[in-house]
Structures are given as structure tokens and as C-alpha cells.
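All remarks here apply to the structure that follows.
The values are calculated or read from the model by the stated rules, or taken from the named source; none is laboratory data. Treat the numbers as computed from the prediction; the structure is a model and nothing was measured. We place every Cβ from the backbone using ideal geometry, glycine too, and count neighbours over all the protein chains shown. To get the accessible areas, we keep the full protein, side chains included, count just its heavy atoms, and leave off ligands, DNA and RNA. Shrake-Rupley method; radii C 1.70, N 1.55, O 1.52, S 1.80 Å.
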Amino acid sequence: VIVISEFEKNLIENAGYRMKRCEIVSPGVDIEEFNAVHENIFERYHIKEKKIILFVGRLDRNKGIDVLIKAARIVVRGYPEVIFFIVGADFGELDNLKALVEEYELGNYFIFSGALSRIDLASAFKHADIFSLPSRYEAFGITLIEAMAAKIAVVASDCSAIPFVVRHGTTGLLFPLDNWQALADNLLYL
């Protein structure tokens, strides 16, 4: 049996399945894709001079973007020049997220770009300051290693497979699931 993470292996074993042989083959990224980036996508949005906190993933409840929005209320007080750049296709959550941004009066701090081409995505990773993944579930979290390949700081929730990818204090910072205050603290620390 081939799995993508120790977390996935544990899921199978905890479900009562016994495997003769199990190999963990985690996804990888092409580091050269990030090294080859020349253009700064944030110039197009006229935010190149801002501090950019990047999220990449589909826009659905499991990705925890609402937690990032709640944390933003604190972050913008300390860093009013910050922009939260949210990349991803809408999976039914975009209107709710935009409503939450407006409820908290954070409209000047959030950009929802939609899905990006691979070239633009690599540019976003390469030129952002921090990558945040506040997910409620990840089988692996390939965007985490994409951020690492682009050499930007990572802040992520400590659930499911994420702690197998991000080592707290070594390869990134972790915060307790759904704890927007701890997420804000980590973002402010970085």
C-alpha cells in the first residue's frame, strides 16, 4: 500500500486494516519552478511594497480561511501595511468569506484572486512574505512544501497531516486548530 503521509498510514491502520507492506511516498515539488520566477505578480495588484500573507487552496470551509480572516483583525492593528492574498477556486465559500471580511471591516486588507496559472502561482509563492494554511484537514498539504520551496515562512494549523510536513519551530510555526488568536500571534511574531 502506498500512502502520501504518516498520517494517512495511521488512518488506514486505525480503521482496522492490516497491511503487509506500506510505503510512504510523499508528493514533491520542482524547486526550479520557483527559482525560475522573474515577474512579481504583486506588481499587477499594486501591492508589491506591502507585507503579503498568502493562502493557496480551494475556497471551502475545511481550508479554515475564516480563521485567517478572524486573525487578520489583530494582525492589521500591528501591521496596517499587510495584505492577505487569497488564491484558489471557489468551492461554495467565496460569498461567505467576503461577507466575513466586510463584517470585520477588512476590505482594504484582502484580495481574492481566484485560481492562478502555475507561473503566477509560483510568483505569488516566491514574492509573498508568509504562507498560512489554517486548514481543518489535510491528507498532506502540498502547498506547504511549495511555500518551503519558494523559501517563505509557513504558519499552519496543527491538525491531520500538517505536523508531519511542518515541524514547529524548525520548518514553520504551528497553531492549535481553529485558534485564530494563536494564528495571529504567529503571524505577528514573523
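Within the set of pairs 6 or more residues apart or between chains, which connect a residue that is within 11 Å of GLU93 (Cβ to Cβ) inside the range 57-71 to a residue that is assigned to a loop (DSSP other than H, G, I, E, B) and of a type in the set (Lys, Arg) with Cβ atoms less than 8 Å apart?
Short answer, once both residue conditions are applied: ARG61/ARG136; ASN62/ARG136; LYS63/ARG136; GLY64/ARG136.
Of everything in the range 137-157, what is open to solvent by 40 Å² or more (accessible area, probe 1.4 Å) and within 15 Å of ASN62 (Cα to Cα)? Give them in sequence order. Spell out the reasoning first.
Keep residues of the range 137-157 that are open to solvent by 40 Å² or more (accessible area, probe 1.4 Å), which gives 137, 142, 148, 151.
Listed by number, the list holds a single entry, TYR137.
So, ILE69, is that one buried (at least 22 other Cβ atoms within 10 Å of the Cβ) and more than 22 Å from PHE164 (Cα to Cα) or not?
yes
Please state which one of GLU93, GLU81 is of a type outside the set (A, V, I, L, M) and either out of contact with any helix residue (DSSP H, G or I) (no Cβ under 9 Å at 6 or more places or on another chain) or under 15 Å from ASN186 (Cβ atoms) (or both). Break it down stepwise before answering.
On the way: GLU93 fails: either out of contact with any helix residue (DSSP H, G or I) (no Cβ under 9 Å at 6 or more places or on another chain) or under 15 Å from ASN186 (Cβ atoms) (or both).
From the options GLU93, GLU81, the qualifying one is GLU81.
Does the range 11-35 hold any residues that are outside any helix (DSSP H, G or I) and of a type in the set (Asp, Glu), and which are they?
GLU23, ASP30
Could you look through the range 75-95, keep only residues that are open to solvent by less than 30 Å² (accessible area, probe 1.4 Å) and either assigned to a helix (DSSP H, G or I) or among the polar types (S, T, N, Q) (or both), and pick out the one that is farthest from PHE175 (Cα to Cα)?
Out of the qualifying residues, it is VAL76.
Looking at (1) modelled with pLDDT of 95 or more; (2) over 13 Å from the mean Cα position of the chain (by Cα); (3) open to solvent by less than 60 Å² (accessible area, probe 1.4 Å), which is the one condition that is false for TRP180?
(3)
Which condition from (1) of a type in the set (S, T, N, Q); (2) open to solvent by less than 10 Å² (accessible area, probe 1.4 Å); (3) assigned to a loop (DSSP other than H, G, I, E, B) is the one that SER132 breaks?
Tallying (1) of a type in the set (S, T, N, Q); (2) open to solvent by less than 10 Å² (accessible area, probe 1.4 Å); (3) assigned to a loop (DSSP other than H, G, I, E, B), SER132 fails exactly one: (3).
Of the numbered conditions (1) among the charged types (D, E, K, R); (2) farther than 17 Å from LEU187 by Cβ; (3) in contact with a helix residue (DSSP H, G or I) (Cβ under 8 Å, 6 or more places away or on another chain), GLU32 satisfies every one except a single condition; which is it?
GLU32 satisfies every listed condition except (3).
Do we find a residue being part of a loop (DSSP other than H, G, I, E, B), surrounded by 21 or more Cβ atoms within 10 Å (Cβ to Cβ) and modelled with pLDDT of 95 or more anywhere in the range 96-119?
The answer is no, given that none of the residues of the range 96-119 is part of a loop (DSSP other than H, G, I, E, B), surrounded by 21 or more Cβ atoms within 10 Å (Cβ to Cβ) and modelled with pLDDT of 95 or more.
Looking only at the range 9-50, count how many residues are touching a strand residue (DSSP E or B) at 6+ places or on another chain (Cβ under 8 Å), crowded, with 17+ Cβ neighbours inside 10 Å and under 23 Å from ILE145 (Cα atoms). Outline the logic, then answer.
Within the range 9-50, the subset touching a strand residue (DSSP E or B) at 6+ places or on another chain (Cβ under 8 Å) is 9, 12, 22-25, 42, 45, 47, 50.
Now narrow it down to the ones that are crowded, with 17+ Cβ neighbours inside 10 Å: 9, 42, 47, 50.
Add one more test, that the residue is under 23 Å from ILE145 (Cα atoms), and what stays is 9, 42.
So the answer is 2.
How many residues are farther than 30 Å from ARG136 by Cα and part of a helix (DSSP H, G or I) if we restrict to the range 36-59?
Number of matching residues: 2.
Quick check on my filter: what residues within the range 155-178 are assigned to a loop (DSSP other than H, G, I, E, B) and in contact with a strand residue (DSSP E or B) (Cβ under 8 Å, 6 or more places away or on another chain)?
ASP158, VAL166, THR171, PRO176, LEU177, ASP178
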